[in-house]
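Just so it is clear, none of the values below were taken in a lab; they were calculated from the coordinates. Bear in mind that the values here come from a model prediction, so they are computed numbers and not experimental data. Quick reminder, even Gly has a Cβ in these numbers, built from the backbone with ideal geometry, and neighbours come from all protein chains shown.
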Amino acid sequence: MTARICRVALAIQPEARLVVGQRAKANPNASVTVVHAPNKTTESLWIWQQALGRAKPGEPSVILFTNHKDIYDFACIVAVHQGCDMPSRPRYFKGKLSYGNFNEHFSNVNIPLMFIGSSYGSLEASDHKPLVYLMTFHSSKGLDFLNVFIPNMNYGEEIWSGDDALGRRLLFVAVTRGREGLFISYTSNKIHSYLENIPDDCVTRIDISDESLPDPDSNKGEEDFF
């Protein structure tokens, strides 16, 4: 990861020990971007545009969420914007949420979006096509991606119910999944309290509006993604 991502991670977990990777040293200008949006729909569609625009074969983008409800809400916003039906809501099967129909839906409508985790989805699926993954903080542990997006970092958002220390550790895990690009977004008046101490000199802060939204036809159907 880059030195800037390291500094953001240390603002969350000051006692952690981190090393700047050799690949990241070759790209010292890679930045951390903190994005404020006016509402959840604008935030989600801006992230979708940016994540898909940066994805390429062998280098998928990943969007990390604290919970499955937010994953489903995000996917529905993307589906509606792209002019297709919303996916069916994942249901519990043998003690875990089943994302088989969810992933099949996006494959069938040719939208390069896939949930990965709990034996659903595939890292190999992005080897030859641009792809955007949806994951939970917890499921992302041990993986890394060129560009990582972390939405919904609103003030008061509960990352892990009743456990501040675990919530910090999970956000630390999410932030450190990025090798070069890290995008953190929120819609509340203030960013999440875990992120209040990010050094200003290591981030780019931007405000977006509905005018920043992508053209709904811009990512449709030029090729099969799956």
- Estimated distance in nm for a label pair at SER88 and ASN110, the labels positioned 7 Å out from Cα along Cα-to-Cβ: 2.4
- Query: For the chain, which longest stretch is free of loop sites, where a loop site is one of the trypsin sites (Lys or Arg not before Pro) that DSSP puts outside H, G, I, E and B and that has at most 14 other Cβ atoms within 10 Å?
  - Reply: 18-93
- If R0 = 30 Å, then HIS128 and THR41, at their Cβ-Cβ distance, give a FRET efficiency to the nearest 0.05 of 0.45
- Note on the structure: The pairs in LYS69/LYS129; LYS69/LYS190; LYS94/LYS129; LYS40/LYS141 lying past 29 Å Cα-Cα in this model are LYS94/LYS129
- Item | the chain: relative contact order in percent, alpha carbon pairs under 8 Å with at least 6 residues between | 35
- Based on the Cβ-Cβ distance from ASP164 to LYS69, what FRET efficiency comes out when R0 is 22 Å, to the nearest 0.05? 0.55
- Output the Kirkwood hydrodynamic radius of segment 150-202, Cα pairs only, in Å rounded to one decimal. 11.8
- Message: Given R₀ = 30 Å, what would the calculated FRET efficiency be for ASP201 paired with SER98, taking r from the Cβ atoms and rounding to 0.05?
- Response: 0.10
- Principal semi-axes in Å for segment 27-110 [√(5λ), Cα gyration tensor, largest first]: 25, 16, 15
- Value of [θ]222 nm, deg cm²/dmol, for the chain, DSSP H segments ≥ 4, -39500 (n - 2.57) each, nearest 500: -8500 deg cm²/dmol
- Query: Once the Cα atoms of the chain are picked out, what are the Rg and Dmax in Å?
  - Reply: 16.8, 48
